[in-house]
Structure formats: C-alpha cells, structure tokens
Amino acid sequence: MTHQTHRHATSHDPVYDRLAAEPDFKELRSRYRGFVFPATVAFLSWYLLYVVMSCWATGFMNTKIVGNINVALVFGLLQFATTFLLAWIYSRFSTARLDPLARSLNAEYEAAFADEDGRRH
C-alpha cells in the first residue's frame, strides 16, 4: 500500500476536502451523474421490457422474422448491441466532457499534495 493510498484510508485528506468544495469538482460530479443516471434508467427499462415481453407477450416474441429468427432472438441480440453502444457513447462523453475537468482537478490535487508533503518534511 502506498503512502498516498494509506493516507486516504486512515484519515481525512485536507487537500481532497478543499478540492471537493470547488465548483469544478461539483461540475464534474454533475456531468457524470447527468449522463450515468439517465443512461442507467434507460438501459434497465429496455432490459425490463425484454424480460416482461418474454414472460407475458410470448406470442409476439415467438413471431418469426426470417427463417428460425424470431422477435425474442432479435431483442436478445439488441441487448448486447445496446450494451456496447452505451459503453461507446459513455467513452466519447467521458473523453470530451469529464476527462479534461478530471485531469485539471488531478493536477491541482497533485500540486497541493506535493506542497503539503513538502511542508511536513
């Protein structure tokens, strides 16, 4: 365990506490939550629709589309496609909207942490 990791695990970090109160940190959290919560609700709703339709709309889900491929199989495959699509969208969102702010806050943290460590030695 590194000194920095141990420090976080055993006591409050005044540098982190100071950064957590800054508007940029609050903006980062807001952007993250603004994406993650709606995306999670949308994905879980889509998945629940698949489960509900599989349980209570079996006639519709058994409808053949082409050959032996039915609606249920297409819905199931779309669950995988949705997962990968959502991961790709989040990656782009994070790169464009979260990472620059997080890097800035991390640089502030590293600088302030180094200053505090320098004062202690």
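Please find, within segment 68-121, the residue that is surrounded by the fewest Cβ atoms within 10 Å (Cβ to Cβ) out of those that are among the acidic types (Asp, Glu) and at pLDDT below 95.
Only one residue tops the list, namely Asp115.
Conditions tested, residue by residue: (1) under 30 Å from Ala107 (Cβ atoms); (2) of a type outside the set (Phe, Trp, Tyr).
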{"position": "Ala21", "(1), (2)": "yes, yes"}
{"position": "Leu28", "(1), (2)": "yes, yes"}
{"position": "Arg33", "(1), (2)": "yes, yes"}
{"position": "Ala39", "(1), (2)": "yes, yes"}
{"position": "Phe43", "(1), (2)": "no, no"}
{"position": "Cys55", "(1), (2)": "no, yes"}
{"position": "Ile65", "(1), (2)": "no, yes"}
{"position": "Val71", "(1), (2)": "no, yes"}
{"position": "Val74", "(1), (2)": "no, yes"}
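Exactly one of these conditions fails for Asn70: (1) more than 30 Å from His12 (Cβ to Cβ); (2) under 27 Å from the mean Cα position of the chain (by Cα). Give me its number.
Asn70 satisfies all of (1) more than 30 Å from His12 (Cβ to Cβ); (2) under 27 Å from the mean Cα position of the chain (by Cα) except (2).
Examine segment 26-40 for a residue that is touching a Leu at 6+ places or on another chain (Cβ under 6 Å), at pLDDT 95 or above, within 30 Å of Ala112 (Cα to Cα) and of a type in the set (A, V, I, L, M, F, W, C), and state whether such a residue exists.
Within segment 26-40, one or more residues are touching a Leu at 6+ places or on another chain (Cβ under 6 Å), at pLDDT 95 or above, within 30 Å of Ala112 (Cα to Cα) and of a type in the set (A, V, I, L, M, F, W, C).
Assess whether Asp13 counts as being among the charged types (D, E, K, R), surrounded by 12 or more Cβ atoms within 10 Å (Cβ to Cβ) and over 24 Å from the mean Cα position of the chain (by Cα).
Considered against the rule, which asks whether it is among the charged types (D, E, K, R), surrounded by 12 or more Cβ atoms within 10 Å (Cβ to Cβ) and over 24 Å from the mean Cα position of the chain (by Cα), Asp13 comes out as yes.
The values are calculated or read from the model by the stated rules, or taken from the named source; none is laboratory data. Since the structure is predicted, the reported quantities are computational estimates derived from the model, not experimental observations. Cβ atoms come from the backbone with ideal geometry, glycine included; neighbour counts cover every protein chain shown.
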